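The structure under discussion appears below in the form of structure tokens.
The values are calculated or read from the model by the stated rules, or taken from the named source; none is laboratory data. The structure displayed is predicted, hence computed values, not measured ones. Methodologically, a virtual Cβ is constructed for each residue, glycine included, from the backbone with ideal geometry; neighbour enumeration extends over all protein chains shown. Accessible surface is based on the protein model in full, side chains and every heavy atom, while ligands, DNA and RNA are left aside. Shrake-Rupley method; radii C 1.70, N 1.55, O 1.52, S 1.80 Å.
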Amino acid sequence: MTPGEVLSESDFSAFYTTYYKRFIRYAHYYVNQIQAAEDITHDAILYCWENRNKLPPETDVLGYMSLIVKNKCLNHLKHLQVEADYGKRYAELHEWEVRARIMTLEDEHYADIFTSEIKRIVKQALAKLPEQTRYIFEQHRFKSRSRKEVAAELGVSLQKIDYHINKATRHLYNELKDYSPLLTIFFQVFFG
């Protein structure tokens, strides 16, 4: 294709057949994954086709396609970098959690401090709940009373008990989300 040559419907098949593999090789050079290079090339050609009527007549279609493929490769690589950064942070958090579990199991003194600190944090979060919600949650979760027992004591339905337990659980989760790795360990060890 030369500058000034606008892609017509009849030329699309020939354009696709002629340049598809060329652009796959171009994309593959950057992304180093054949499937990703094929997807990028396909998307670029489709984008070029869908926007063909918006291009000025003097547009170099091959140059335009090269630019689209380049930008799609760049976006693909940036996405991979974001995924890698997230994976690294997740791995670091997991490693920290494993170390915390090991320390908890190995050091009785640490476990006592750890337990009292978590209990303090949970108690502060529970104190922010309405009295009935807090009572129902504590009776069910900490005193191991069944939902039916708590419902019978308060003269309310099981649905009402479930509502308050879910409300308290959501509240605790939101209030303590920064401590979630520690709380997971705490609830598994002491209430699991």
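If you roll a 1.4 angstrom probe over the protein chains with everything in place, what fraction of the accessible area of the range 11-82 belongs to carbon and sulfur, to the nearest %?
In the range 11-82, the share of accessible area belonging to carbon and sulfur is 54 percent.
Straight-distance candidates among the lysines for linking to residue 54, with alpha-carbon spacing under 26 Å and chain neighbours fewer than 8 residues away dropped: 21, 70, 72.
Any idea how far the Cα center of the range 33-99 sits from the one of the range 126-155, in Å? So the separation of the two Cα centres works out to 52 Å.
Just to verify a number: FRET efficiency for residue 11 and residue 83, C-beta to C-beta distance, R0 = 30 Å, to 0.05?
Calculated value: 0.20.
Excluding same-chain neighbours fewer than eight residues apart, the lysines reachable from residue 119 by a Cα-Cα span under 29 Å are 128, 143, 148, 160, 167, 177. Take the range 44-93 with all the other protein chains still there, run a 1.4 Å probe, and you get 68 Å² of accessible area per residue. In sequence order, the range 20-34 has phi-based couplings of 4, 5, 4, 6, 4, 4, 4, 5, 4, 4, 8, 8, 6, 9, 5 Hz under the Karplus curve 6.51 cos²θ - 1.76 cosθ + 1.60, θ = phi - 60°, and Gly or Pro positions carry x.
What ranking, highest mean first, results for peptides 76-89, 25-38 when packing means the other Cβ atoms within 10 Å averaged over each residue?
25-38, 76-89
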